[in-house]
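Heads up, the thing below is written out as structure tokens.
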Amino acid sequence: MQRPTYSNPPPAHSPPLHHPVPQHVSTVPQLRSPPPPQPPSQPQSGYGAYGQQGGVPSQGGGAYNMHPAFGGFMNDPTAQMGFQVGKSAVMAGQEYLEQNVGRFVNVSALKHYFNVSNTYVATKLYIVLFPWRHRPWSRQQRLSNNGQDGYYLPPREDINSPDMYIPSMALVTYILLSTLLAGLRGAFHPELLGYNTTIALSVLLLEILVIKTGTFLLSISSSSQLLDLLAYSGYKFVSIITSLLLSELLAHLGIGGKWLAWLLFLYCFSANAFFLLRSLKYVLLPDQGVQGGVGGASITLAKVQKGRRTQFLFVYAYVVQFGFMLWLSRV
């Protein structure tokens, strides 16, 4: 195929190209996303906010730095009604609990046994473990406003006063320690913690049963005396914890053997028994004077009652405590 020939030769230079130029320039705006909403300015710390606001709390009934939506919720009448209903339900539950629990336990009297201090706890632990040289053992009393009725001082003010703080803490420590020792010996399993708790609570329930039986037979009807007996029954966990710790430590160091563990147990048991004999004397063996009667009838009755209480105190401090402490020490 051949190119067609032209009669005239092509020009040396082609004419310039002219592009159309728009006469009306239109500006197209650039589309941008709106800026994000800025959070309300908050101070760096709560103290700065308090100083800037002049100590006046924010609106919403004490809701500090609360979002406006929550402030509206707090001011909502329905929410206020719900809070009132909840508050009424809580107060009714507390009243119901106090009425029903108060039938069995005197809550106001129970608070007396938890009024302790650090000095009292440290000194009481020393007396429980080394009671041999402690003097005196009598509890201190204080007269009431009328000058006639007296009451015992709380543990914070009287070292000879029984408490329930040390027994309750010792109970929890015993459960954890017995489980830990079993784990160190390679005999740990998940059910062991519940088993040790059941054993400890069973011992307490059996001891409460023994105490209630003895107080019924000995005509001890005062609720404060019964609470004192319950408090003293928990001090044996301090002796058990000490015996277990020292026995395990000496066995780990290779010092002594089973005979040394038995020696430590017998010492802790003897210290606990001596502590109970001295402490429970004012509960089970109060000083009774001659009250009415003909001749020496009331004196004979007081001697018989005192003899029975002495026997119960001996059995409780030595026989009952030895069995329970031996049971709890076999972990």
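I'd like the full set of residues that are part of a helix (DSSP H, G or I) and either buried (at least 17 other Cβ atoms within 10 Å of the Cβ) or not hydrophobic (A, V, I, L, M, F, W, C) (or both), limited to the stretch 247-260. Steps first, answer last, please.
Keep residues of the stretch 247-260 that are part of a helix (DSSP H, G or I), which gives 247-253, 258-260.
Residues satisfying the conditions are Ser247, Glu248, His252, Lys258.
Could you look through the stretch 123-144, keep only residues that are of a type in the set (Ser, Thr, Tyr) and free of Cβ contacts under 8 Å to residues at least 60 places away in the same chain, and pick out the one that is most open to solvent (accessible area, probe 1.4 Å)?
Taking the stretch 123-144 as the starting set, the residues that turn out to be of a type in the set (Ser, Thr, Tyr) are 123, 126, 138, 144.
The next check asks that each one be free of Cβ contacts under 8 Å to residues at least 60 places away in the same chain; those that pass are 123, 126, 144.
On the way: Thr123: 56, Tyr126: 141, Ser144: 38 Å².
Top of the filtered list is Tyr126.
Checking the structure you have, find out if any residue of the stretch 176-188 is open to solvent by 40 Å² or more (accessible area, probe 1.4 Å), of a type in the set (Ser, Thr, Tyr) and part of a helix (DSSP H, G or I).
Residues of the stretch 176-188 open to solvent by 40 Å² or more (accessible area, probe 1.4 Å): 176, 180, 184-188.
Subset that is of a type in the set (Ser, Thr, Tyr): none.
Looking through the stretch 176-188, none of the residues is open to solvent by 40 Å² or more (accessible area, probe 1.4 Å), of a type in the set (Ser, Thr, Tyr) and part of a helix (DSSP H, G or I).
Applying the selection to the stretch 149-163, what residues are among the hydrophobic types (A, V, I, L, M, F, W, C) and open to solvent by 30 Å² or more (accessible area, probe 1.4 Å)? Don't jump to the end; show me each part of the working.
The initial filter retains those residues of the stretch 149-163 that are among the hydrophobic types (A, V, I, L, M, F, W, C), namely 153, 159.
Matches in the stretch 149-163: Ile159 only.
Being closer than 20 Å to Ser279 by Cα, at pLDDT below 90 and touching a helix residue (DSSP H, G or I) at 6+ places or on another chain (Cβ under 7 Å) narrows it down to one residue among Gly234, Gly256, Gly150, Gly214; which is it?
On the way: Gly234 fails: at pLDDT below 90; Gly256 fails: closer than 20 Å to Ser279 by Cα; Gly150 fails: touching a helix residue (DSSP H, G or I) at 6+ places or on another chain (Cβ under 7 Å).
Exactly one residue qualifies, and that residue is Gly214.
Specify the residue that is modelled with the lowest pLDDT; the eligible residues are those in the stretch 87-111 that are part of a helix (DSSP H, G or I) and among the charged types (D, E, K, R). Don't jump to the end; show me each part of the working.
The first filter runs over the stretch 87-111 and keeps only residues part of a helix (DSSP H, G or I), leaving 87-101, 107-111.
If we keep only those that are among the charged types (D, E, K, R) too, we end up with 87, 95, 98, 111.
Details: Lys87: 80, Glu95: 72, Glu98: 64, Lys111: 86.
For the stretch 87-111, the residue satisfying everything is Glu98.
The values are calculated or read from the model by the stated rules, or taken from the named source; none is laboratory data. From a predicted model like this one, the values you see are computed outputs, not experimental measurements. Every residue, glycine as well, gets a Cβ built from its backbone with ideal geometry; the counts of neighbours run over all protein chains shown. All accessible areas refer to the heavy atoms of the entire protein, side chains included, with ligands and DNA or RNA removed. Shrake-Rupley method; radii C 1.70, N 1.55, O 1.52, S 1.80 Å.
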